[in-house]
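Notes follow the structure.
The values are calculated or read from the model by the stated rules, or taken from the named source; none is laboratory data. Given the structure is predicted, the values throughout are model-derived calculations rather than measurements. Using ideal geometry, Cβ is built from the backbone for each residue, glycine included, and neighbour counts are taken over all protein chains shown.
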Amino acid sequence: MGEPGREEYRIQSFDAETQQLLKTALKDPGAVDLEKVANVIVDHSLQDRVFSKEAGRMCYAVIQAESKQAGQSVFRRGLLNRLQQEYQAREQLRARSPRGWVCYVTFICNIFDYLRVNNMPMMALVNPVYDCLFRLAQPDSLSEEEEVGGPGPEGGVDCLVLQLHRVGEQLEKMNRQRMDELFVLIRDGFLLLTDLSSLAQLLLLEIIEFRAAGWKMTPAAHKYYYSEVSD
Amino acid sequence: MACSPRTPPSYRSRGDRDASPPPPARWSLGRKRRADGRQRAEDAEGPAKPADCRRPDSFTTPEAPKPRPRCADWASAVEEDEMRTRMNKEIARYKRKLLVNDCGRERKSLLGSCGSKAPCAAPADLETDESVLMRRQKQINYGKNTMAYDRYIREVPRHLRQPGIHPKTPNKFKKYSRRSWDQQIKLWKVALHFWDPPTEEGCDVQEIHPVDLGEMETESAESSSESQASSQDHSFDMYEGTPTKVRHLDCHVEDEFDLEACLTEPLKDFAAMS
């Protein structure tokens, strides 16, 4: 494979010097400070929602490159350490920067999605990911209109349902009981919270039905939720 | 609830949850007491100090086949998992190989890797304890992660190896006592030194394979304090034990490989290892 395009890893949002650093990390991992690269990537994902959605792929590529070149996992270790630090301080992050918090959850789910160990998802991330999703499903989080502008594309509810679409099925396989509990929260939120926006209600209902259908979109659901045709 | 045991709120069974307000996130904020029993301030510095409040559980799911050792740090947990899955594949492969050898033996009496005339070791006779296998694998990795090993396998293809002359990696799946295994590893690594790259003064660092510093630091820290290494050597010690030993054996490399000298001289370094 030739040099990965900027498009593929969405690194255009970085400054030129950092882009160069990342490109080198992908081609010649031994030549850069991989721990620094990990920090750069995490820092950026906490700020750039677009990047946080796809950063997992780039991380995977760096890990593969390092493993192939030196049989090491310095980058992965740095990445996971940093991820863990942020996780442990997540309440503070959420208080300080709701947008950063949403980015973090997006990022950690993306990492969980992409980074596999011998074709198995990373066990160590299962409970932390659940914890993050649980936090997003708390009543205060669901009702929060102002969390980054409400349940729209930047909001907590949107993040919750999006991540469940992407990694819900895998997560459920790893721990069904916690998924059941999560959906209890979601269902209760949908039914009981009086101050949910109508968009939030719609999003929650959609994910409830999505899971009930075995994590698949049914034609009826597609028609109801995504069709532009009005009755 | 005077009679209830002093368990922190987060340890209530999950069934309790629906009525009461959602408890704090399980892992860091819900614990009322530290692992040693002292009370913590609510939602305090817990998240910032992972070393203090070690979580009692591992990060694996309840559905995991058996209890896993505590691993508070994600990176290590992932690395262990990786080693474990790799190990399982190797065990499977080795068992298949034994079965194949077994069939071969019935037709022609080969001695194979078991070296005995009795039927080859049934899977019941293999070492299967994960922790033992992982430890042994780590020791093997240290030996294989050397310039010497690289040069050795390039120089001597496996089918041209002569037993007794060419070192063979100890078989981690066989049952051995701890002492026996450790001694096999020592002898194997000593034997590998024959293929150490020739060194000159000021050997450049780039030739050395970086090893996992996290593991090697404890070992090389001990060996470097014992060896009379110059300050230049210390930089090598950070990466690998081998270059230090290369220095000791320098005088021997030119002559024949002197096993006696190898066994006596650097023995103090070995004592510091594993």
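Which of the residues spanning region A:207-231 are in a helix (DSSP H, G or I) and surrounded by fewer than 18 Cβ atoms within 10 Å (Cβ to Cβ)?
Listed by number, the residues that qualify are A:Ile208, A:Glu209, A:Ala212, A:Pro219, A:Ala220, A:Ala221, A:His222, A:Lys223, A:Tyr224, A:Tyr225, A:Tyr226.
Using the structure shown, decide if A:Ser45 is closer than 17 Å to A:Leu115 by Cβ and in contact (Cβ under 8 Å) with a residue 60 or more places away in the chain.
It is true that A:Ser45 is closer than 17 Å to A:Leu115 by Cβ and in contact (Cβ under 8 Å) with a residue 60 or more places away in the chain.
Specify the residue that is nearest to the other protein chains (Cβ to nearest Cβ); the eligible residues are those in region A:183-200 that are touching a Gly at 6+ places or on another chain (Cβ under 9 Å) and part of a helix (DSSP H, G or I).
Initial filter on region A:183-200 (touching a Gly at 6+ places or on another chain (Cβ under 9 Å)): A:196-197, A:199-200.
Now narrow it down to the ones that are part of a helix (DSSP H, G or I): A:199-200.
Details: A:Leu199: 23, A:Ala200: 18 Å.
That would be A:Ala200.
Considering each of A:Val117, A:Val161, A:Val126 in turn, give the residue that is more than 11 Å from chain B (Cβ to nearest Cβ), touching a helix residue (DSSP H, G or I) at 6+ places or on another chain (Cβ under 8 Å) and among the aliphatic types (A, V, I, L, M).
A:Val161
State all residues of region A:63-92 that are surrounded by fewer than 20 Cβ atoms within 10 Å (Cβ to Cβ), at the interface with another protein chain (Cβ under 7 Å from one of its Cβ atoms) and of a type in the set (A, V, I, L, M); if no residue qualifies, say none.
A:Ala70, A:Ala89
Within region A:94-104, identify whether any single residue is in a loop (DSSP other than H, G, I, E, B), more than 10 Å from chain B (Cβ to nearest Cβ), within 25 Å of A:Gly78 (Cα to Cα) and of a type in the set (S, T, N, Q), and answer yes or no.
Yes, region A:94-104 has at least one match.
What tally of residues in region A:34-69 results from selecting those that are of a type in the set (Asp, Glu) and over 22 Å from A:Gly156 (Cα atoms)?
2
Just one of (1) closer than 28 Å to B:Lys89 by Cβ; (2) crowded, with 20+ Cβ neighbours inside 10 Å trips up A:Leu142, so point out which.
The single condition A:Leu142 does not satisfy is (1).
Pull out all pairs, ordered by first then second residue, where Cβ-Cβ is under 9 Å, the residues are six or more apart or on different chains, the first lies in region A:1-28 and is surrounded by fewer than 15 Cβ atoms within 10 Å (Cβ to Cβ), and the second is in a loop (DSSP other than H, G, I, E, B) and at pLDDT below 75.
Within 9 Å, the pairs are A:Lys27/A:Glu3; A:Lys27/A:Pro4.
Go through region B:132-145 residue by residue and tally those that are among the polar types (S, T, N, Q) and either within 13 Å of chain A (Cβ to nearest Cβ) or without any contact (Cβ under 8 Å) to a residue 12 or more places away in the chain (or both).
Qualifying residue count for the region: 2.
I'd like the residue in region A:145-176 that is at pLDDT below 90 and surrounded by fewer than 20 Cβ atoms within 10 Å (Cβ to Cβ) and, out of all such residues, is farthest from A:Arg49 (Cα to Cα).
By that ranking, first place goes to A:Glu145.
Filter region A:40-57 for residues that are assigned to a helix (DSSP H, G or I), at pLDDT 90 or above, more than 14 Å from chain B (Cβ to nearest Cβ) and in contact with an Asp or Glu (Cβ under 8 Å, 6 or more places away or on another chain) and give the result.
A:Gly56, A:Arg57
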